[in-house]
Amino acid sequence: MSTTQDITYIQNQDAKIAELIRGEEWREENGIELIPSENYVSQACHEAMGSVFTNKYSEWYPHKRYYGGQDFTDPLEELCIERACKLFNCKYANVQTHSGAPANIATYFALCEPGDTILGMDLSHGGHLTHGHPVTYISKIFNFVRYKMKDPETGEIDYEELRRVALETKPKIILAGFSAYPRELDYAKFVDIAREVGAITMADMAHIAGLIAGWAVKNPFDAGFDIITTTTHKTLRWPRGGLILVRESEEIAKKIDKSVFPGLQWGPHMHIVAAKAVAFGEALTPEFRTYAAQILKNAKAMEEVFKKHNIRLITGGTDNHLLLADVWSSLGVSGKEAQTVLDEVGITLNMNSIADDTRKPMDPSGIRFGTPAITTRGFMEDDSREIAELMIEAMKNKDNTEKKIEIREKVRALAKKFPVPDTFVRHVD
Ligand code: DSN
């Protein structure tokens, strides 16, 4: 089980922390994880994260560092970049960003001046806070304008409106990407509009990067996108981190490198770069493509069950790893109530606002859930259908303690049947 780590030294030195680690291991092993942005890393990845590279400062880039002692960090970062480029079919990669938000922010600063316009997807229609929500500091620096879905029942983006707003506001960047949108985007349409208005195209693929790497969904680079940013720990099943990829422009790549360091983020975390390199190696294997395809099949199986029970799904279903259900209008259960009752039975997911939600963000109408983590554990379609049935049964019985105990036992049995694996591939290269 990859959730059980050797923590002998922590146990001998700091019993309180050891106890918390064992607690989290127990939770991960015995519960069912449906948060679509979470996953399990392999033991090889854990070992890299816990390696001596954590001791090293490696500011700047390979062969032009400020500090000495870079004999092993330089080839490490070069290998990591080479694997990232191979995986996403592009020329340049910056593997140093600590997560998705710094990856996005570094990209904005690389390509825009204060006051420049960036056109991104509205948060309530599936976009992300770092796409310029008014609560963020970057929204005070750049002028973010938004596009939405034409119809939340189908999920189709309003490309005509996107084009109209782009012509009117002349954005420097047109940003595609989301954290709560279950459909494929028409990347070619984004590229056409961007070329018409002279904008750079950027895809924040944090949620679906693993599906792109595993050939299960379209790669925005194939349609001519300039930049992809992503986190590395969602469908990708890698350590927590960020990644910026550039399809072919050396000029853009140089600006991004300069923006990450020295512009925004200083010392890179080389133990995480090591873990990214290990994980990129895993994702380059045929096993990873099988995994990515199964994520989609499992999500479709869950869609089927929710539809059978007449539960409203935003966009009508899913083409990727996640689903967004309006549990308030369908079951009279708020998103927060659903999250709480599902936590009680051992199923973890998150409450989520839905398009044009009438409820408040801290207790919205929806729940968001997905299949990357259960697929890592080996769930197939029947198992996914079973967990979907248990979710619905729990929400319908939110005040019935006996029923909830019964469901929790079934969830535990499923978790026991599918232990978190140690490794996903035999070897890489
Ligand atoms: N927290 C991530 C997610 O769950 O989608 C995005 O930042």
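Read the figures in this text as sums done on the coordinates, not as results from a lab. Since this is a predicted model, take the numbers as computed values, not measurements. All Cβ positions, glycine included, derive from the backbone under ideal geometry; neighbour counts span all protein chains shown.
For THR154, what is the net charge nearby, where nearby means another residue's Cβ is under 12 Å from its Cβ and Lys, Arg count +1, Asp, Glu -1? Cβ neighbours under 12 Å give a net charge of -3. Taking a straight line from the alpha carbon of LYS398, these aspartates and glutamates sit under 13 Å away, with near neighbours fewer than eight places off in the same chain left out: GLU337, ASP343, GLU344, GLU406.
Between GLU386 and GLU59, the simple spin-label model (points 7 angstrom out along Cα→Cβ) gives 5.4 nm. For the residue pairs LYS218/LYS255; LYS218/LYS360; LYS150/LYS410, alpha carbon separations beyond 32 Å are given by LYS218/LYS360; LYS150/LYS410.
Each peptide in 58-65, 312-319, 32-39 was scored by the mean count of other Cβ atoms within 10 Å over its residues; highest first, the order is 32-39, 312-319, 58-65. Local charge for ARG183 was computed over the other residues whose Cβ lies under 9 Å away, with Lys and Arg +1 and Asp and Glu -1, and equals -3. Computed packing ranks the peptides 157-163, 169-175, 275-281 as 275-281, 169-175, 157-163, most packed first, by mean other Cβ atoms within 10 Å.
The lysines whose alpha-carbon is closer than 21 Å to the alpha-carbon of LYS417, local same-chain residues fewer than 8 away aside, are LYS297, LYS404.
Look at ILE138, ILE295 and count the other Cβ atoms within 10 Å of each Cβ; fewest to most, that gives ILE138, ILE295. How big, on average over all directions, is the shadow cast by the Cα convex hull of the stretch 165-280, in nm²? So the mean shadow area of the Cα hull is 7.9 nm². Evaluated at q = 0.07, 0.09, 0.14 Å⁻¹, the base-10 log of the normalised Debye intensity for the chain, with identical point scatterers placed on the Cα atoms, takes the values -0.34, -0.57, -1.34.
Using the empirical formula 2.2 N^0.38 Å as the baseline, the Cα radius of gyration of the stretch 222-266 reaches a ratio of 1.29.
In terms of the mean number of neighbouring beta-carbon atoms within 10 Å, the peptides 253-265, 323-335 order highest first as 323-335, 253-265. Partners of LYS86 within straight-line reach, counting aspartates and glutamates whose Cα lies under 18 Å from its Cα and excluding those fewer than 8 residues away in the same chain: GLU77, GLU78, ASP222, ASP226, GLU248, GLU250, GLU282, GLU287, ASP429. Extension gain, LYS308 to ASP158: 0.36 nm times the residue separation minus the Cα-Cα distance gives 51.1 nm. For the stretch 286-429, the alpha-carbon coordinates run over 51, 35, 27 Å along the three principal axes, in decreasing order.
The shape of the stretch 351-429 comes out oblate: with a ≥ b ≥ c from the C-alpha gyration tensor, a/c is at least 1.5 while a/b does not beat b/c.
Here CYS112, CYS45 are placed in order of increasing Cβ neighbour count within 10 Å, fewest first, which gives CYS112, CYS45.
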